[in-house]
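The values are calculated or read from the model by the stated rules, or taken from the named source; none is laboratory data. This one's a predicted model, so the numbers in the text were calculated from it and none came from an experiment. Glycine gets a Cβ as well: all are built from the backbone with ideal geometry, and neighbour counts include every protein chain shown.
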Protein chains: 2
Amino acid sequence: MSDVSTVDTVDTVACVGAGVIGGGWVAHFLARGYRVVAWDPSPDTDDKLSRLVAAAWPALTSLGLAEGASMDNLTIAPTLAEAVANAGFVQESAPEDLSLKQKLLADIDAVTPPGVVIASSTSGYSMTEMQVAASTPERLVVGHPFNPPYLIPLVEVVGGELTESWAVEWAAEFYRHVGKSVIKMDQELPGFIANRLQEALWREALHMVANGEATVDQIDTAITDGPGLRWPAQGPCLTFHLAGGEGGMAHMLDHFGPSLKSPWTRLEAPELTKDLRDAMVAGVESEADGRTIADLVAERDRAIIAVQRAVEETRHG
Amino acid sequence: MSDVSTVDTVDTVACVGAGVIGGGWVAHFLARGYRVVAWDPSPDTDDKLSRLVAAAWPALTSLGLAEGASMDNLTIAPTLAEAVANAGFVQESAPEDLSLKQKLLADIDAVTPPGVVIASSTSGYSMTEMQVAASTPERLVVGHPFNPPYLIPLVEVVGGELTESWAVEWAAEFYRHVGKSVIKMDQELPGFIANRLQEALWREALHMVANGEATVDQIDTAITDGPGLRWPAQGPCLTFHLAGGEGGMAHMLDHFGPSLKSPWTRLEAPELTKDLRDAMVAGVESEADGRTIADLVAERDRAIIAVQRAVEETRHG
């Protein structure tokens, strides 16, 4: 694709859809110094977006705006075609409705300049399902953000069967360029990665409330005052690497492996085969990257204290 | 129980078991200014505990020690009977083995002064299963901490069928007195609350690795750079209250309810009945306690920024 620009030449981003996620993307791109052209079929788009961006701006200012960043760099386009006319990248954040997304992505594709990558914020559909009606589906990717997109760094990037790999690579590079943390997936997986983890937890929470086993407040406290304090610093795998004491993940799996058979959640565990055990051990060792358990414990402890203080201060702020 | 002391008269805590969790409890009680008498059958208890406490002490010092707190207030008792002889509270943190716990709790119960509450750190067994061999099972409770117990505030407190309610109340009050965040459960539930949530997420993670759908590193990044940044500030329910935009949890469930049928995790969701929907909506409204969605968004944003900065600084610290 010789006509594809490099990610650093993009100066205008088109945002299609002005809900919580679309508005969050608008705020993010504005804060990173881009001109943003937005389009949404609803009549109050202008008001809605102004409100969303204004609400996000104090946070973004405190994080540090890019040079030239301004809320004034936002334009609301009267038509979809005008929104994407000068865009170097398009982010679609329409409601989660498959036929709507299929038609909208085909419409966007029809009017977006060639070689410009179009990403969908979908939290659940695969691009293979969504790209069916587009004329140049090879440039359509999923770029799945987390709420609020202007603060949570994670974006999951994955293509569909008709997506070409240059588009996935380009999107991943562009998102990194605008400050996101990118997980580039090699295969489509329903719910991607983070939502699968989050959704498992959420469904267990709903089961507990449905059965009168725990209250909403107990569930939230269980996370905010419990494992939630570890997770911004160390993900679930690294967390359990430290639960094994000096023996790490290997000891943890060998010792607590049987608890995978316990009815601690309604989700059945996979068989803890030697391959799975070894993959988990190798995975955390690669993540630890030479840091000993003692190093990681010290790092975790500093982080938990800092996180608690940070949350405590903002609560009373 | 007229012979039960009030929680503020306790000056000595017995810690039985010197692994990662037992050692973490020792560090916590020492930092809160208690005399701690520990016992563990292994020959290197003294060394192991000294190492664990020394590793935790910088973090505890930075958090602020209670008046008179000192690592020197730790004694290793030669026998279980000597460990508990003067204790106002006993915390058992032996390995997760049901018959071992049953016998050990009976042994502790036999030599602990009457009226003193004995708590087990078990992460999975119910007190009903564990208290069967004890002579005075009415004072045995679960006090389930999170690793590391000297930093993560959450303790889940629940009794067994033979536990009397005064013991559950006393333990909850004592843990609060020593700075913990307590969830007092009215019924036994396998895995309690936080572990059920965490375990659902963990099992989904293991499934993904087992199937080659995601790497260990991707899973950890998905949490640390994604939803994990929200959870120390707002639990999963409050998080989804904000995912619904200005319509809150009600809009979220009405709008995204169908995604509960999606194959986003291997865990099947409960039926989203009107009762469950209403319970979720009432639950988050009670938690929000008058704060509007805009208030909660502003609070979340401040917290996420502070959490990110805190973690970032400690990583390079």
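Key figures
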| item | result |
| --- | --- |
| Residue match in the range A:246-269 (condition: part of a loop (DSSP other than H, G, I, E, B), touching a Leu at 6+ places or on another chain (Cβ under 8 Å), more than 7 Å from chain B (Cβ to nearest Cβ) and touching a residue at least 12 places away in the same chain (Cβ under 8 Å)) | no |
| Index of the failed condition, A:ILE293 passing every other in (1) aliphatic (A, V, I, L, M); (2) facing chain B (nearest Cβ under 9 Å); (3) touching a helix residue (DSSP H, G or I) at 6+ places or on another chain (Cβ under 6 Å) | (2) |
| Members of the range B:4-55 that are of a type in the set (A, V, I, L, M, F, W, C), over 15 Å from B:TYR175 (Cα atoms) and within 14 Å of another protein chain (Cβ to nearest Cβ) | B:ALA18, B:VAL20, B:ILE21, B:LEU49, B:LEU52, B:VAL53, B:ALA54, B:ALA55 |
| Number of positions in the range B:197-244 that are over 19 Å from the mean Cα position of the chain (by Cα) and among the hydrophobic types (A, V, I, L, M, F, W, C) | 15 |
| Candidates B:GLU188, B:GLU173 - the one that is over 13 Å from B:ARG139 (Cα atoms), part of a helix (DSSP H, G or I) and at pLDDT 95 or above | B:GLU173 |
| All positions within the range A:1-37 that are part of a strand (DSSP E or B), in contact (Cβ under 8 Å) with a residue 40 or more places away in the chain and aliphatic (A, V, I, L, M) | A:VAL13, A:ALA14, A:VAL16, A:VAL37 |
| Top-ranked residue in the range B:188-199 [being touching a residue at least 24 places away in the same chain (Cβ under 8 Å) and out of contact with any Asp or Glu (no Cβ under 7 Å at 6 or more places or on another chain); ranked as farthest from the other protein chains (Cβ to nearest Cβ)] | B:GLU188 |
| 2 or more residues in contact (Cβ under 8 Å) with a residue 40 or more places away in the chain and out of contact with any Lys or Arg (no Cβ under 7 Å at 6 or more places or on another chain): qualifying strands (runs of 3 or more DSSP E) within the range B:38-154 | B:74-76, B:89-92, B:140-144 |
| Among (1) buried (at least 20 other Cβ atoms within 10 Å of the Cβ); (2) touching a Phe, Trp or Tyr at 6+ places or on another chain (Cβ under 9 Å) - the single one A:GLU92 does not satisfy | (2) |
| Where a residue in the range B:200-228 is more than 7 Å from chain A (Cβ to nearest Cβ) and at positive phi and its partner, wherever it lies, is of a type in the set (A, V, I, L, M) and assigned to a helix (DSSP H, G or I), with Cβ under 9 Å and at least six apart | B:GLY212/A:ALA279 |
| Residue match in the range B:199-216 (condition: in contact with a strand residue (DSSP E or B) (Cβ under 6 Å, 6 or more places away or on another chain) and outside any loop (DSSP other than H, G, I, E, B)) | no |
| Filtered residues of the range A:270-317 (kept if outside any helix (DSSP H, G or I) and either more than 25 Å from the chain's Cα centre (by Cα) or of a type in the set (Lys, Arg) (or both)) | A:PRO270, A:GLU271, A:LEU272, A:THR273, A:GLY290, A:ARG291, A:THR292, A:HIS316, A:GLY317 |
| Given (1) farther than 25 Å from B:GLY228 by Cβ; (2) at the interface with chain A (Cβ under 7 Å from one of its Cβ atoms), index of the condition B:ASP278 fails | (2) |
| Residues of the range A:74-96 that turn out to be out of contact with any Leu (no Cβ under 9 Å at 6 or more places or on another chain) and either within 14 Å of chain B (Cβ to nearest Cβ) or at positive phi (or both), as a count | 3 |
| Options B:LEU100, B:LEU74; residue that is in contact with a strand residue (DSSP E or B) (Cβ under 7 Å, 6 or more places away or on another chain) and under 17 Å from B:GLY19 (Cα atoms) | B:LEU74 |
| Verdict on B:ILE183 being crowded, with 20+ Cβ neighbours inside 10 Å and farther than 20 Å from B:THR128 by Cβ | no |
| Some residue of the range A:43-64 being touching a helix residue (DSSP H, G or I) at 6+ places or on another chain (Cβ under 7 Å) and within 15 Å of A:PRO113 (Cα to Cα) | no |
| Scan of the range B:165-187 for residues that are more than 12 Å from chain A (Cβ to nearest Cβ) and over 16 Å from B:PHE89 (Cβ atoms), ordered by number | B:SER165 |
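Results for (1) under 20 Å from A:GLU96 (Cβ atoms); (2) modelled with pLDDT of 90 or more; (3) touching a Pro at 6+ places or on another chain (Cβ under 7 Å), shown as yes or no for each residue.
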{"position": "B:PRO232", "(1), (2), (3)": "no, yes, yes"}
{"position": "B:PRO236", "(1), (2), (3)": "yes, yes, no"}
{"position": "B:PRO258", "(1), (2), (3)": "yes, no, no"}
{"position": "B:PRO270", "(1), (2), (3)": "no, yes, no"}
{"position": "B:ASP275", "(1), (2), (3)": "no, yes, no"}
{"position": "B:ASP278", "(1), (2), (3)": "no, yes, no"}
